[in-house]
Amino acid sequence: GRSPLPLFSDPIDGEMIQEPAVELPPMHLGEEVVEDYVAMRLTLRAHPMELLRPSLPGLTPHDRLLTAPLGRTSVCGLVITRQRPGTASGVVFLTLEDETGVSNIVIWRKVYDRFRRAIMSGRLLKVTGPLQREGIVVHVIAENIEDLSPRLTGLGHPLEAAVGITRPEADDAPRPSRHGPTARHPREQAKR
């Protein structure tokens, strides 16, 4: 057989020191949810809306839309899909997910034009408008849309990369500087 190399044959004094186990405080549920989204883009723990709902009064959860009175209502959820079919005359369809299911949102062209930035870049949207039902088909016709994505930061740490399920940069156009071209090298910048 082979003998160990001399480099690893004898422990050096102090190398085998036993260190005490480090006890970290347990993460709260919001932090666990955030870490799940960061690692896997999903969680089997609580839905972010379940954690945020107590601080967002007046919202109708998806599971109550079938029995809620018709009329103006507000729903909120993570943006799952944005669709703008070419055959829909400029109508946009959103799917929002809360802790109880998914809600269908219809956005007419004028409303889309008014809330374009929120619709295209928001990860957590609050939508207010008339609730409509036909059989088991339920949807909200958007009249007002509010981007509540900053609320996600309170769950643990910023979710910029975590819950950015769909994050098109449609409204981020490069803008010319008001101060003219800037120097590229730090030495050139220091001369100014």
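Please treat every number below as a calculation from the coordinates, not as lab data. On a predicted model such as this, the values are computed, not experimentally measured, just so you know. Ideal geometry is used to build each Cβ from the backbone, glycine not excepted, and the neighbour counts take in all protein chains shown.
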With T60 itself left out, Lys, Arg at +1 and Asp, Glu at -1 over residues whose Cβ is under 12 Å from its Cβ give +2
Excluding T128 itself, what net charge comes from residues whose Cβ is under 12 Å from its Cβ, given Lys and Arg +1 and Asp and Glu -1?
0
May I ask you to compute the full-extension gain from I17 to R53, defined as 0.36 nm times their residue separation minus their alpha-carbon distance, rounded to one decimal in nm?
8.0 nm
Rank-order 123-136, 44-57 by packing density, defined as the average count of other C-beta atoms within 10 Å over each peptide's residues, highest first.
123-136, 44-57
Can you classify segment 29-155 as rounded, prolate or oblate using the Cα gyration tensor, where a ≥ b ≥ c are the square roots of its eigenvalues, rounded means a/c under 1.5, and otherwise it's prolate if a/b beats b/c and oblate if not?
prolate
R117-L44 FRET efficiency (beta carbon distance; Förster radius 25 Å; 0.05 resolution):
0.15
